[in-house]
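Step one of this worksheet: look at the structure below.
The values are calculated or read from the model by the stated rules, or taken from the named source; none is laboratory data. This is a predicted model, so every value here is computed, not measured. Please note that ligands, DNA and RNA were not included when accessible areas were found on the heavy atoms of the full protein model with its side chains. Shrake-Rupley method; radii C 1.70, N 1.55, O 1.52, S 1.80 Å.
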Amino acid sequence: IIYGALCAYLMLGMVFAFAFSALHAFRPEAIEGLRIVDASHRAAPFTEYAYFAFSSMTTLGLGDVVPVSPMSRALTYLAAVMGQIYLTVIVARLVALYSADALQRHRD
């Protein structure tokens with residue numbers, strides 16, 4: 001169950017990375033600080049979006065990649081809130097279930 005929760009968190013990060021990628025494709029000025037590999041299309045490697053998504057989800061926010069448009073800021077806020085809710089509520093619940101199960105096995 002714990003490994004499943006970890007995989008779900010990583011998948012959530014990838015969903016946000018794809019969302020940031022799509023947003024940047026339609027509005028290249030929405031996110032500043034991405035390492036651009038194709039200047040003609042202002043394309044960034046997917047690792048840049050994943051980096052920004054996970055730094056947002058963990059609320060690390062290093063400041064090297066910055067959301068500047070209202071849509072990118074809203075998506076960044078959503079990533080931060082979802083990341084924190086996931087970590088505090090879902091993982092805490094899974095750990096509590098795991099601890100209760102271990103205690104029950106110890107009693108038996």
Self-check item: Calculated from backbone phi, Karplus (6.51, -1.76, 1.60) coupling profile of segment 60-72 in Hz, x at Gly/Pro
Solution: 5, x, 6, x, 7, 10, 10, x, 10, 8, x, 5, 5
Self-check item: Relative contact order (%) - criterion: Cα under 8 Å, at least six apart; region: the chain
Solution: 29 percent
Quiz item: Looking at the chain, what % of the alpha carbon pairs are farther apart than 21 Å?
Solution: 43 percent
Self-check item: Extended-chain gain in nm, criterion 0.36 nm per residue less alpha-carbon gap, Met11 and Tyr86
Solution: 25.8 nm
Quiz item: Highest GNM mean-square fluctuation, the chain, Cα pairs closer than 10 Å: which of Leu34, Leu78, Leu62?
Solution: Leu62
Practice problem: Under a 10 Å cutoff between Cα atoms, tell me which one of Ala19, Ala79, Ala96 has the largest fluctuation in the Gaussian network model of the chain. | Solution: Ala96
Quiz prompt | Calculated from backbone phi, Karplus (6.51, -1.76, 1.60) coupling profile of segment 51-59 in Hz, x at Gly/Pro | solution = 4, 5, 5, 6, 5, 6, 4, 8, 6
Quiz prompt | Placed amide H near Ile31: partners under 5 Å, 5+ positions off or other chain | solution = Val68
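Counting only heavy atoms of the protein chains, get the accessible area per residue of segment 50-108 (1.4 Å probe) and round it to a whole Å² value.
Numbers: 3910 Å² over 59 residues.
That works out to 66 Å² per residue.
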Exercise. Give the long-range amide H neighbours of Ala43: residues separated by 5 or more places, or on another chain, with amide H under 5 Å away, using H modelled in the peptide plane at 1.01 Å from N.
Key: Val37, Asp38
Practice problem: On the protein heavy atoms, probe 1.4 angstrom, tell me the percent of accessible surface of the chain carried by carbon and sulfur. | Solution: 69 percent
Self-check item: Helix 2-26 axis, angle to the chain major axis (alpha carbon atoms, nearest 10°)
Solution: 10 degrees
